[in-house]
Ligand SMILES: O=P(O)(O)OC[C@H]1O[C@H](OP(=O)(O)OP(=O)(O)O)[C@H](O)[C@@H]1O
Ligand SMILES: O=c1cc[nH]c(=O)[nH]1
């Protein structure tokens, strides 16, 4: 097992990502933040907290469940989560948030699920960890906490323990 990011590094990265989002979205009336259930929510919650700290007008924040849009829905049992998007995304710039980007299939599903809520002006992707060279679809992040090289037999685990977050790379 190898530690990729420790607690302090994760906190620094989240602050940096929040600043990058604010830098690119100076008019937060046009922007919305949407975390992908289930594991993107720990990151999107923290990111939203930081956006609220640094901006007097932070973007509206919602949560998106992608379960029924997954391409393996007929192959595996998945327990659905809830979607909570109490605002319109029509014509907005959406920042999607997830913890890990690997094959890109989760984000493909998220984009499909998102379109049920309207036609955004733009959708961007923010991830804590980008496992580059692992993509099975043409999807790339706009904001990245850390890019890593890894092999198929490895897995990235993001642990959001109170006061002790960490990202580790484990050999399966
Ligand atoms: O780019 P992808 O290959 O879609 O992987 C990324 C997804 O994997 C994890 O979810 P989860 O543990 O639910 O994994 P799974 O989507 O592979 O089941 C993670 O929270 C991302 O949402
Ligand atoms: O390594 C990986 C790949 C997909 N999803 C994860 O959470 N970790």
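Derivation of every value follows stated rules applied to the coordinates shown; laboratory data play no part. Quick caveat, the model's predicted, so the values are computed rather than measured. Counting neighbours? That spans all protein chains shown, and the Cβs are built from the backbone with ideal geometry, glycine included.
Tabulated data
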read-out	value
Calculated [θ] (222 nm, deg cm²/dmol) that DSSP helices of n ≥ 4 give over the chain, each run adding -39,500 (n - 2.57)	-8500 deg cm²/dmol
Taking only Cα atoms of region 8-150, radius of gyration then Dmax in Å	14.5, 45
The chain: relative contact order as a whole-number percent, Cα under 8 Å and 6+ apart	25 percent
Segments 106-113, 12-19 sorted - mean Cβ within 10 Å per residue, highest first	106-113, 12-19
